[in-house]
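Please find one structure pasted underneath; my questions will follow.
The values are calculated or read from the model by the stated rules, or taken from the named source; none is laboratory data. Fair warning: this is a prediction, and the values are worked out from it, not measured in the lab. Because the Cβ atoms are built from the backbone with ideal geometry, glycine has one as well, and the counts that use them run over all protein chains shown. The accessibility values were calculated without ligands, DNA or RNA, using every heavy atom of the protein model including side chains. Shrake-Rupley method; radii C 1.70, N 1.55, O 1.52, S 1.80 Å.
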Amino acid sequence: MKKSILILITLCAFSYAEAQIRVEGFLTPAIGYRHMTSGPMGTADLMDSLKNADKVRQNWSGGVKLLVGIDKYTSIQFGVNYKGMSFTRLREDFQFHDTVHPKIGRVEDLSQTVLSKDAQFFHKYRYISIPVIFQKSFTKTVFNNKMQFYFASGLDFDFLIQDDMYVSLNGWSVKGEDRHVITSDYESTKANLALNLGARFEYKLDEYATFSVQPAFNYPLLLSAKDDFVQFRMYQFGISVGVSYLL
C-alpha cells in the first residue's frame, strides 16, 4: 500500500513538473441585467412595472488566474476575480411630496430646473469570485504559429462582499444631495455558484507572453436576491482581456 502511494505521489509530482503553467492578469468589461420572477406576494402588475423600469448596466471585473496545461491543447484555469454585477431601475416624473425612497426622503423642491424629476437606482452587487474553467482548443491547428481558439467554460464560486444601491437624481436633489448610497432593498444570497460559458482566443506575443480575449456568459445557479414580491438572478455577458506569462 505504501509503495503504491509513493508511486502515485511520484507520478503526480512528475506531471506537475511537466505541466506548462502561466499566470495571467485580466480586465473584464461586461453588460449585466437580471432574470426576475414573482415572489410569494408578487402580482402581475408589479412584474410588468418593474420590467418596464429595469435596464441593462455596464459592469467591470478583474483579477488574476493560473492556466495549468494538461496537454498541448487542454488547460484548466484557476483564478481570483473581483466581479461587479448590476442593473439599473429608472423611476420617472417625481412630483412634489412624492417619496423617492423611504431611506432618502420626499421631493421638497418646487423648482422646475428639469422637465422631469427622474431617478436612477443602480442595484450594485460585488463579489470575490473563484473561477474554475476548462479550456480545450477547437482545432489542433495553430494559425501562423501564434494564434489559437478554445472552448472555455466552467464554474464561478461567488462570495458577496457588497450589495448597495446608488441613487442618482438627474439635475435635481433631495436634502441638498443629488447622489445617495443606501442599503439594498433585497435579501441577498451570500454565496453562489454560476455557470461560465464561453470561448477564448490567444495570440502569442513572444516565447513567454500571450495576449488573450475571453468572451463569456455568466449565469448564477442560485437566486442573487429576493424579497416577498420578487426574486432575481444577476447575469451578464463580458469579454476578459489579459496577458499571461509563462512561469
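Please give me, ordered by residue number, the GluC sites (Glu not before Pro) of the stretch 18-104 that lie in loop per DSSP and have at most 13 other Cβ atoms within 10 Å.
GLU92
Quick one: Cα convex hull volume of the stretch 133-247, Å³ per residue?
Enclosed volume per residue, from the Cα hull, is 178 Å³.
OK, next. Could you grab the Rg to Rh ratio for the stretch 39-127? Cα atoms only, Kirkwood for Rh.
1.23
Report, to the nearest 10°, how far helix 44-53 tilts away from the longest principal axis of the Cα atoms in the chain, using its own Cα long axis and a range of 0 to 90°.
80
Going from the alpha-carbon gyration tensor of the stretch 170-225, what semi-axes, largest first and in whole Å, does one get by taking the root of 5 times each eigenvalue?
39, 22, 10
Roughly how many percent of the accessible protein surface of the chain is carbon and sulfur, given a 1.4 Å probe and a whole-percent answer?
Looking at the chain in its full context, I get 62 percent from C and S.
Further question: Defining a contact as two alpha carbons under 8 Å apart and six or more residues distant in sequence, what relative contact order in percent does the chain show?
Relative CO of the chain lands at 22 percent.
Lysines within cross-link reach of LYS83: Cα-Cα under 22 Å, excluding same-chain residues under 8 positions apart?
Straight-line reach from LYS83, under 22 Å: LYS55, LYS65, LYS124, LYS190, LYS226.
Give or take rounding to whole Å, what are the principal axis extents of the alpha carbon atoms in the chain, in descending order?
The principal-axis extents, from largest down, are 79, 45, 30 Å.
Hey, another quick one. Scaled to the compact-protein estimate 2.2 N^0.38 Å, what is the alpha-carbon radius of gyration of the stretch 56-183, rounded to two decimal places?
1.65
Above 13 angstrom, tally the Cα pairs of the stretch 107-167 and express them as a % of all pairs, no decimals.
Roughly 78 percent, rounded to a whole number.
Further, regarding this structure: May I ask which residue of TRP172, VAL107, VAL132 lies farthest towards the positive end of the charge dipole of the chain, with charges of +1 (Lys, Arg) and -1 (Asp, Glu) on Cβ and the Cα centre as origin?
Value computed over the given set: VAL132.
Are there GluC sites (Glu not before Pro) in the stretch 176-247 that DSSP marks as loop and that have at most 10 other Cβ atoms within 10 Å, and which are they?
Within the stretch 176-247, the qualifying GluC sites (Glu not before Pro) (loop, at most 10 other Cβ atoms within 10 Å) are GLU207.
Please report, in debye to the nearest 20, how large the charge dipole of the stretch 104-213 is about its Cα centre when each Lys and Arg carries +1 at its beta carbon and each Asp and Glu carries -1 there.
500
Still on this model: Rg over Rh of the stretch 15-89, using C-alpha atoms and the Kirkwood radius, what does it come to?
The Rg/Rh ratio comes out at 1.27.
Residue separation times 0.36 nm, minus the C-alpha to C-alpha distance between LYS140 and LEU221: what's the value?
Result for the pair: 25.9 nm of gain on full extension.
Dipole size in debye (nearest 20) for the chain around its Cα centre, Lys and Arg Cβ +1, Asp and Glu Cβ -1?
Once rounded to the nearest 20, the dipole reads 1060 debye.
Among PRO215, PRO40, PRO29, whose mean-square fluctuation peaks in a Gaussian network model of the chain (Cα, cutoff 10 Å)?
With Cα springs under 10 Å in the chain, the top fluctuation among PRO215, PRO40, PRO29 is at PRO40.
Need one number: nm distance between label points at TRP60 and ALA191, each 7 Å from Cα along Cα→Cβ, rounded to one decimal.
Computed distance between label sites TRP60 and ALA191 equals 3.0 nm.
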